[in-house]
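Here is the structure we will look at.
The values are calculated or read from the model by the stated rules, or taken from the named source; none is laboratory data. Since we're looking at a predicted model, the values are computed, not measured. Because the Cβ atoms are built from the backbone with ideal geometry, glycine has one as well, and the counts that use them run over all protein chains shown. Accessible surface areas use protein heavy atoms only, side chains included; no ligands, DNA or RNA. Shrake-Rupley method; radii C 1.70, N 1.55, O 1.52, S 1.80 Å.
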Amino acid sequence: MNQGFHMIDVGGKSPTHRTAIAEGRIVVGEHAFSLIRQRALPKGDVLMLAEIAGIQGAKTASQLMPLCHPMGLDQVQITTVLEEDDCAVRVFCTASTHAKTGVEMEALAGANAALLTIWDLTKMVEPDLLIEGVRLLAKSGGKSGLWLNPAGIPDWVREKMCPPASQTLKDVTVAIITLSDRAAAGIYEDKATPVARALLERFGATVTATHVIPDEPDELTKQIHLIRENGSARLIITTGGTGIAPRDNTPETISALADRIIPGIGEQLRLYGSQFTPFSWSSRSIGATFGNILIITLPGNPKAVREGIECLHQQIPHLINTIDNLKHD
């Protein structure tokens, strides 16, 4: 049966945090602009009502567009900016939620509703109005991650969507061990180590060493003992070898070395990763202690490495501090 239109089925997706920011502006002319600035339009304070209308517009986006999914929004924020040189009002709408699909249409609907409300309250003093420049500035969430409008965005939008990383790993020394037969042999480019290093350093960590070794338990055991002996790192991140392939032996190797296994680390990694792919549940990642070292095993996929570090970076200092406290008990 031929269907001309259909609503996309997002039932199989996992909810993630979604944010979108849209903008537009209305040119109102010198006389109307003066009244708007003084909040003296005959119908009332247009800027205040525009904020309310924008919030309502974002909430009712699915009622305006037939194939738009209904959304439970966490927040809608409308900001109006007076542009005196052009006798215009610029409107920004920020929408956010935890959902299976994005909130671009909600942000755009909110901006448009605010602009139309300004038009409605202004038209009696100035009929020659112009709405222009309605566009999506930025969005984040889901598999697509972050998107910023290539035509340019205000600095505050960039700061909101790309905030500086907190230095949660400041003073933490890290060694990265990547397990891959092909990468160790030079057949395959190691992409996991650069991702891990860049993100760890972004959070303030000092990466003291990186190693790319084959999927050999003896080689992994040797490297970990060397790191412990020279005291070069308090944290070891391994990537690779956490799946169910015949040579995926990282969890078993670490378990044989460990003083303690931390089951919750693996559980948290799998739960966090399931927001992006159901395949995260097939990972056998674990956390463990070995002397004064915290060991975290991550999958070899660079995307999973990024997700794993993003998931755990706030907990790592607490775990290292706990190891130190156990030593002094």
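State the number of residues belonging to segment 244-297 that are charged (D, E, K, R) and closer than 21 Å to residue 172 by Cα. Talk me through it step by step, then tell me what you get.
Start the filter on segment 244-297 by keeping residues that are charged (D, E, K, R), which leaves 247-248, 252, 259-260, 267, 270, 284.
Filter once more, keeping what is closer than 21 Å to residue 172 by Cα: 259-260.
Residues meeting the conditions: 2.
What about residue 239, is it more than 20 Å from the chain's Cα centre (by Cα) and either on the phi < 0 side of the Ramachandran plot or not basic (Lys, Arg) (or both)? Steps first, please.
Numbers: more than 20 Å from the chain's Cα centre (by Cα): yes; either on the phi < 0 side of the Ramachandran plot or not basic (Lys, Arg) (or both): yes.
Criteria met by residue 239.
Mind checking whether some residue in segment 81-89 is modelled with pLDDT of 95 or more and either among the polar types (S, T, N, Q) or within 28 Å of the chain's Cα centre (by Cα) (or both)?
The first filter runs over segment 81-89 and keeps only residues modelled with pLDDT of 95 or more, leaving 81-89.
Applying the additional criterion that residues be either among the polar types (S, T, N, Q) or within 28 Å of the chain's Cα centre (by Cα) (or both) yields 81.
Checked against the condition, which is being modelled with pLDDT of 95 or more and either among the polar types (S, T, N, Q) or within 28 Å of the chain's Cα centre (by Cα) (or both), segment 81-89 yields at least one hit.
So residue 261 fits all but one of (1) under 21 Å from residue 315 (Cβ atoms); (2) open to solvent by 30 Å² or more (accessible area, probe 1.4 Å); (3) at pLDDT below 95; (4) not in a loop (DSSP other than H, G, I, E, B); what number is the exception?
(3)
Could you give every pair whose Cβ atoms fall below 8 Å, whose first residue belongs to segment 95-108 and is farther than 23 Å from residue 52 by Cβ, and whose second residue is open to solvent by 10 Å² or more (accessible area, probe 1.4 Å) and acidic (Asp, Glu), counting only separations of at least 6 or pairs across chains?
98/74
Among the residues of segment 211-254 satisfying the criterion of being farther than 22 Å from residue 284 by Cα, touching a residue at least 24 places away in the same chain (Cβ under 8 Å) and outside any helix (DSSP H, G or I), which is least open to solvent (accessible area, probe 1.4 Å)?
233
Take the residues of segment 167-181 that are closer than 13 Å to residue 317 by Cα and in contact (Cβ under 8 Å) with a residue 60 or more places away in the chain: which is surrounded by the most Cβ atoms within 10 Å (Cβ to Cβ)?
Our first condition is that a residue be closer than 13 Å to residue 317 by Cα; within segment 167-181, this holds for 167-174.
Add one more test, that the residue is in contact (Cβ under 8 Å) with a residue 60 or more places away in the chain, and what stays is 168-169, 172-174.
Numbers: 168: 16, 169: 24, 172: 21, 173: 18, 174: 26.
Checked segment 167-181; the qualifying residue surrounded by the most Cβ atoms within 10 Å (Cβ to Cβ) is 174.
Against the definition (open to solvent by 10 Å² or more (accessible area, probe 1.4 Å), more than 24 Å from residue 182 (Cα to Cα) and either touching a residue at least 60 places away in the same chain (Cβ under 8 Å) or in a loop (DSSP other than H, G, I, E, B) (or both)), how does residue 317 come out, yes or no? Break it down stepwise before answering.
On the way: open to solvent by 10 Å² or more (accessible area, probe 1.4 Å): yes; more than 24 Å from residue 182 (Cα to Cα): yes; either touching a residue at least 60 places away in the same chain (Cβ under 8 Å) or in a loop (DSSP other than H, G, I, E, B) (or both): yes.
When the stated conditions are applied, residue 317 passes them.
Residue by residue, here is whether (1) at pLDDT below 95; (2) under 30 Å from residue 17 (Cα atoms); (3) of a type outside the set (Val, Ile, Thr) holds:
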position: 222; (1), (2), (3): no, no, yes
position: 271; (1), (2), (3): yes, yes, yes
position: 286; (1), (2), (3): no, yes, no
position: 289; (1), (2), (3): no, no, no
position: 292; (1), (2), (3): yes, no, yes
position: 297; (1), (2), (3): no, yes, no
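Looking at segment 57-166, what helices (runs of 4 or more DSSP H) fall wholly within it and have at least 2 residues that are open to solvent by less than 30 Å² (accessible area, probe 1.4 Å) and more than 30 Å from residue 310 (Cα to Cα)? Give the steps one after another, and end with the answer.
Values: elements: 61-64, 104-122, 155-161.
Ranges flagged: 104-122.
Of all residues being under 19 Å from the mean Cα position of the chain (by Cα) and of a type in the set (Ser, Thr, Tyr) in segment 143-174, which is farthest from residue 96 (Cα to Cα)? Just the residue, please.
So, considering only residues that are under 19 Å from the mean Cα position of the chain (by Cα) and of a type in the set (Ser, Thr, Tyr), the one farthest from residue 96 (Cα to Cα) is 168.
Among the residues of segment 185-206, how many are open to solvent by less than 50 Å² (accessible area, probe 1.4 Å), touching a strand residue (DSSP E or B) at 6+ places or on another chain (Cβ under 7 Å) and not in a loop (DSSP other than H, G, I, E, B)? I'd like the intermediate steps shown before the answer.
In the first step, residues of segment 185-206 are kept if they are open to solvent by less than 50 Å² (accessible area, probe 1.4 Å); the result is 190, 192-193, 195-196, 199-200, 203-205.
Subsequent filtering for residues that are touching a strand residue (DSSP E or B) at 6+ places or on another chain (Cβ under 7 Å) retains 190, 192-193, 196, 200, 205.
Right, trim to not in a loop (DSSP other than H, G, I, E, B) and you get 192-193, 196, 200.
Looking only at that region, the number is 4.
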